[in-house]
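In what follows, a single structure is set out as structure tokens and then discussed.
Laboratory data are not the source of any read-out in this text; all were calculated from the coordinates shown. Since this is a predicted model, take the numbers as computed values, not measurements. All Cβ positions, even for glycine, are placed from backbone atoms using ideal geometry, and neighbour counts span all protein chains on display.
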Amino acid sequence: MAPRRNNHALGPIGGEIAAGYLAMDPETIENHDANVTRCCVPSGECLRNLEPICLDDLRETVRVTCNNDHCMAGRYMHRICFEAWEQTVLTYLKSCGRARSWSERQRHQNLWTKKGYDLAFKACGCKCGRGHLKKDLDWVPPPPGFGIRDEDTKKKKRR
């Protein structure tokens, strides 16, 4: 029997994400800013009221990666959204086999390592619907004060 072909008109975009793209009005698409992205919290409940994330100022964000190569959901979450989502994943991990005997501290330390993530990945589904999110441990967030320029700094540079 021949393999079935994916005959969806939406391509690699998942249903939930695609609905968001289709719901955008033409003016929003026309005025799209490439330096802005949306919070990719999987629960869909951004705690910052869907406040856009400026790619020029990533101090209050956490970078995550999806194991789906064609994911269009985004790579950044607001820090508070990530922490709330991480708590739900830790709660899930609490009920998983080997992790039941771990202390809270051990769960938190092991969550994004292979040891913990292998148990918790089922609770880390991405918005794209085809992958799982994982915190990017190699990403170093910009230092505090990075990207902030006050008037005094500008004046000193001019002199």
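Counting only the backbone N, which residues of segment 113-143 are under 13 Å from the spot 7 Å out from the Cα of Asn67 toward its beta-carbon? So the set is 113-126, 130-135. For segment 15-142, the share of alpha carbon pairs falling in successive 10 Å distance bins from zero is 12, 40, 33, 11, 3, 0 percent. Scanning residues 5 or more positions from Thr61 or on other chains, those with amide H under 5 Å from its amide H are Arg79, with H placed 1.01 Å from N in the peptide plane. Taking 7 Å steps out from each Cα toward its Cβ at Arg48 and Glu104 produces label points 2.6 nm apart. Distance between the pseudo-spin-label points of Cys96 and Ala84 (7 Å out from Cα toward the beta carbon): 2.3 nm.
The listed peptides 66-74, 124-132, 90-98, ordered by packing as a protection proxy, come out as 124-132, 66-74, 90-98 (highest mean of other Cβ atoms within 10 Å first).
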